[in-house]
Amino acid sequence: MQLSGNKHIPASIDKAYTLLTDPEVLTRTMPGLKRLTPISEGAYAADLEMGVAAIKGKYQGTMRIEDASPPHSYRLVLDGQGPGGFVSVNMSVEFVSDGDEASVSYQGEAQVGGTIASMGQRMISGVANYLTNQFFQNVAKEAIQAKN
Amino acid sequence: MYTAPFEYRRADTVEQAIGWLANDPENSKVLAGGHSLLPLMKLVLAQPQVLIDIGRITALKGIRIEGDDVQIGAFTTYREIVESPEVNEFCPLLAQAAQTVGDVQVRNRGTIGGSLCHADPQADMPAAVLALDAELLIEGPSGQRTQSIDGFFLAPFITSLAPGEILTAVKIPKLPAGAHTTYLKRPHPASGYPLVGVGIWLTVHDQVIDNGHIGITGIADLPFRARHLEDFLKGRLLDAATIAQAGPLAADDANLDDDPYKKNLLQVYVTRALSQFGESFAAKGLNGKS
């Protein structure tokens, strides 16, 4: 499944880059992300609790930030495993200044397998879009709070 | 297939169910007919720790007229809806959609509230309740609220219902007298779920469309109202030329991922659904009740 999109964060690209790579901010803003424990430079063990109405599960996995080139780009690699199957995401994230704001583009691929994949890709992408929007809304709130 | 272990509780009142739900809203689930939730639990996709059965709460059952609305308890089964004289008189579209859900067992056990809260984007009922402008009565720890069906579905399987809240009833405004209704779906050959489901009501005078609403389910990532299409139809002659122009407009309100098959399927089913009215008028006279 292709993942791509473009969002605006009301902050400079330096600030936006810092927010999106700060494990504490991510734990606060990413729906379902409970804990990120550093395991090495740019790599974290992740505990996720995904809840989509009736479908709920605890997922464990790793999150790595690779090819980091602050504040312009990095690559996000996520692997997770849980009762419904596995999820792996590999996506590049780019930051470009757009006036007072940072324009964040992401593009990559997500692979979903196991029982959860039998729900059908269309529903998974609908849910993924919803969660991604929530995540960026939360990050935008953090950016505004950091300004004040 | 076995479910993960869970605790089962049977509530006698809505207050009791809300109280139990408040103990651990994230890990509790309300059990209505169970025909969507239990299969998910058997696949271990859903693992609620507490199941709160609302099936014995009499306040949640039944259909009655409240002024200009038909009020349907959340724990009212598809079968009760199909057989209800009130529904068939004042909002027959709801019965037409309920009649096509699943099989006899599902219609005997499954409920309207369960279907709406589960929010499967391929369920039948959303097309009808969207077209009918339903209002949802919701109760939670902080009291009662009403919510329009518009805006209730946020994403597949996600609604605006907060974790501690329970849907108690669905209020459907009576249709204008003489409204024509239809629900037409293309069922998936294996599951029976709609690949596309089109729910329509129209009022027509002297072959001219006065008013009408169209709800569509199954084909996009969310059920939706085809508002562009509704606007186009108002004031036009209900004839072959209008129907031919109308078909493609349903896609304006949907996210179909630029899929040409879905686009075509949607157009074909909207066209067929509207053509049914043409046929029923030809058979029964244009201003007659279908």
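The values are calculated or read from the model by the stated rules, or taken from the named source; none is laboratory data. Everything numeric in this text was worked out from a predicted model, so none of it was measured. Please note: Cβ atoms are built from the backbone with ideal geometry, for glycine as well, and neighbour counts cover all protein chains shown.
Taken together, the criteria place B:Glu165 among residues that are within 14 Å of chain A (Cβ to nearest Cβ), surrounded by fewer than 24 Cβ atoms within 10 Å (Cβ to Cβ), of a type in the set (Asp, Glu) and farther than 18 Å from B:Lys185 by Cα.
Of the listed requirements (1) outside the structural domain of B:Ala128 (by TED's automatic domain parsing); (2) more than 30 Å from A:Ala117 (Cβ to Cβ); (3) of a type outside the set (Lys, Arg), B:Leu38 misses just one: (2).
One line per residue, one yes/no per condition, for (1) out of contact with any strand residue (DSSP E or B) (no Cβ under 8 Å at 6 or more places or on another chain); (2) part of a helix (DSSP H, G or I):
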{"site": "B:Thr3", "(1), (2)": "yes, no"}
{"site": "B:Met41", "(1), (2)": "yes, yes"}
{"site": "B:Gln47", "(1), (2)": "no, no"}
{"site": "B:Gln71", "(1), (2)": "no, no"}
{"site": "B:Val101", "(1), (2)": "yes, no"}
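In summary, B:Arg64 fulfils each of the numbered conditions (1) crowded, with 19+ Cβ neighbours inside 10 Å; (2) more than 16 Å from the chain's Cα centre (by Cα) with the single exception of condition (1). Within segment B:49-69, being within 14 Å of chain A (Cβ to nearest Cβ) and part of a strand (DSSP E or B) holds for B:Val50, B:Leu51, B:Ile52. Selection of segment B:138-157 for residues being outside any loop (DSSP other than H, G, I, E, B) and either surrounded by fewer than 20 Cβ atoms within 10 Å (Cβ to Cβ) or in the same structural domain as B:Ala17 (by TED's automatic domain parsing) (or both) yields B:Glu139, B:Gly140, B:Gly143, B:Gln144, B:Arg145, B:Thr146, B:Gln147, B:Ser148, B:Leu154.
Would you confirm whether or not segment B:83-92 contains a residue that is more than 21 Å from A:Glu49 (Cα to Cα), touching a residue at least 40 places away in the same chain (Cβ under 8 Å) and of a type in the set (Asp, Glu)? Looking through segment B:83-92, none of the residues is more than 21 Å from A:Glu49 (Cα to Cα), touching a residue at least 40 places away in the same chain (Cβ under 8 Å) and of a type in the set (Asp, Glu). For segment B:28-52, give me each residue that is crowded, with 16+ Cβ neighbours inside 10 Å and not hydrophobic (A, V, I, L, M, F, W, C). Hits for segment B:28-52 are B:Ser28, B:Lys29, B:Gly33, B:Gly34, B:His35, B:Ser36, B:Gln47, B:Pro48.
Counting just the residues of segment B:234-284 that are more than 17 Å from B:Trp201 (Cα to Cα) and not in a helix (DSSP H, G or I), which one comes out modelled with the lowest pLDDT? Out of the qualifying residues, it is B:Asp257. Does A:Ala117 satisfy the criteria of being crowded, with 16+ Cβ neighbours inside 10 Å and either out of contact with any Lys or Arg (no Cβ under 8 Å at 6 or more places or on another chain) or free of Cβ contacts under 8 Å to residues at least 24 places away in the same chain (or both)? So A:Ala117 fits the description; yes. Considered as a group, the residues in segment B:5-39 that are in contact (Cβ under 8 Å) with a residue 60 or more places away in the chain and in a helix (DSSP H, G or I) include one that is nearest to B:Arg107 (Cα to Cα), and that residue is B:Leu37.
Only residues that are more than 12 Å from every other protein chain (Cβ to nearest Cβ) and closer than 21 Å to B:Gly102 by Cβ were counted across segment B:3-34, and they come to 1. Among the residues of segment B:170-194, the ones that are more than 21 Å from B:Ala220 (Cβ to Cβ) and either assigned to a strand (DSSP E or B) or aliphatic (A, V, I, L, M) (or both) come to 9 in all.
When A:Asp100, A:Asp47, A:Asp22, A:Asp67 are screened for being of a type in the set (Asp, Glu) and under 12 Å from the mean Cα position of the chain (by Cα), only A:Asp22 passes. Which residue is nearest to the other protein chains (Cβ to nearest Cβ), if the candidates are limited to segment B:119-137 and must be under 18 Å from B:Val30 (Cα atoms) and surrounded by 20 or more Cβ atoms within 10 Å (Cβ to Cβ)? For segment B:119-137, the residue satisfying everything is B:Ala119. When restricted to residues that are at pLDDT below 95 and of a type in the set (Val, Ile, Thr), segment B:182-203 contains 0.
For segment A:49-64, enumerate the residues that are within 14 Å of chain B (Cβ to nearest Cβ) and either over 17 Å from A:Leu26 (Cβ atoms) or at pLDDT 80 or above (or both).
Selection gives A:Glu49, A:Gly51, A:Val52, A:Ala53, A:Ala54, A:Ile55, A:Lys56, A:Gly57, A:Lys58, A:Tyr59.
Condition first: more than 14 Å from chain A (Cβ to nearest Cβ), of a type in the set (Ser, Thr, Tyr) and closer than 15 Å to B:Ile172 by Cβ. Can you find one or more residues in segment B:79-89 that meet it? Scanning segment B:79-89 turns up at least one residue that is more than 14 Å from chain A (Cβ to nearest Cβ), of a type in the set (Ser, Thr, Tyr) and closer than 15 Å to B:Ile172 by Cβ.
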